[in-house]
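S.K.: Sharing a structure here in structure tokens format.
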């Protein structure tokens, strides 16, 4: 008897050790392949965002095959992104050529203390600092070779990442029906329908997050354009477009856009720069603590407090990627938790379980299919 108990204890001990080792190996593998996993996550976001458009086009145009509808949608998305890049690159190239032509005059104005840049340089004693630290600055410039190579290497990795993300997203959208049908075929019909319903709600949460993020970026871009135009900053529309696109990047995007807008405003005048600084400080506080919670509470069907807590926890756990995933992950957790609650404590409802306005399953009205309560008899 003792020998049997010892064998049982040894077996359970080996199982526990095996599970711990397997968990460690999985975490180690995830750490080693974290860049590829990041690409996969971003590609999944793109696939979920473009999947409804592909499905709509496939249903509207009966002669459109799945591969053709996917190709058309991705070509349109690629053309849209290429157009945005052209909007930035062409004016920047023109401005760079103009800046190169005007550089001697700008240097002369700076030395003489004329113009906005010259006034700023004279006020903050920039020329005195440059003359005093000329040797250190030359040494710093001469040592920029290695960082430049690192930047070029990062740029090449970024280009490869963008291409990989597009290919992954294309294949995800193209093969989505086959993968989903093959996975659901492993379950019985009732359970498969439940998984399909919950997955559809989760996809709606991710789509709602992307829609809400785009809406916030549009608001940011419009308000930035108004402020820059009123303060007389040149190329206000182009700068506002950059600020709006940068605002899509979680955690650092708003700050990056604000830096560009502030620098452009200070080159116009000190007054314009101060006004733009005040605008960005006030707007970022409103966006982080009011606009994001309110909009995401509508599009993702999350409580504003839950949205704010999810963002804070995601940033603390995984930085930029955590901020990107915090809100949709919180929405998915809510959907799965409510579905489990409906299954364990009540009965499944025909309507989705997303949103605060939904009633608990055990509070839903009974139907004719529900068994009638047993009659109470008295002695």
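The values are calculated or read from the model by the stated rules, or taken from the named source; none is laboratory data. In this text the structure is predicted, and so the values were computed from the model without any measurement. All Cβ positions, glycine included, derive from the backbone under ideal geometry; neighbour counts span all protein chains shown.
S.K.: Is there a residue in segment 194-202 that is surrounded by fewer than 20 Cβ atoms within 10 Å (Cβ to Cβ), assigned by TED's automatic domain parsing to the domain that holds residue 296 and within 29 Å of residue 280 (Cα to Cα)?
M.R.: No, segment 194-202 contains no residue that is surrounded by fewer than 20 Cβ atoms within 10 Å (Cβ to Cβ), assigned by TED's automatic domain parsing to the domain that holds residue 296 and within 29 Å of residue 280 (Cα to Cα).
S.K.: Hey, can you tell me all the residues within segment 28-43 that are in contact with a helix residue (DSSP H, G or I) (Cβ under 9 Å, 6 or more places away or on another chain) and farther than 18 Å from residue 160 by Cβ?
M.R.: Matches in segment 28-43: 30 only.
S.K.: Quickly run through segment 263-276 and pick out the residues that are within 14 Å of residue 226 (Cα to Cα) and either surrounded by fewer than 19 Cβ atoms within 10 Å (Cβ to Cβ) or modelled with pLDDT under 90 (or both).
M.R.: 265, 272, 275
S.K.: Look at segment 42-82 and say how many of its residues are exposed (fewer than 15 other Cβ atoms within 10 Å of the Cβ) and touching a residue at least 60 places away in the same chain (Cβ under 8 Å).
M.R.: 3
Results for (1) surrounded by 16 or more Cβ atoms within 10 Å (Cβ to Cβ); (2) in the same structural domain as residue 224 (by TED's automatic domain parsing); (3) within 25 Å of residue 243 (Cα to Cα), shown as yes or no for each residue.
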position: 317; (1), (2), (3): no, yes, no
position: 321; (1), (2), (3): yes, yes, yes
position: 327; (1), (2), (3): yes, yes, yes
position: 330; (1), (2), (3): yes, yes, no
position: 335; (1), (2), (3): yes, yes, no
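S.K.: Within segment 304-311, is there a residue that is touching a residue at least 12 places away in the same chain (Cβ under 8 Å), more than 18 Å from the chain's Cα centre (by Cα) and not assigned by TED's automatic domain parsing to the domain that holds residue 44?
M.R.: For segment 304-311, residues touching a residue at least 12 places away in the same chain (Cβ under 8 Å), more than 18 Å from the chain's Cα centre (by Cα) and not assigned by TED's automatic domain parsing to the domain that holds residue 44: present.
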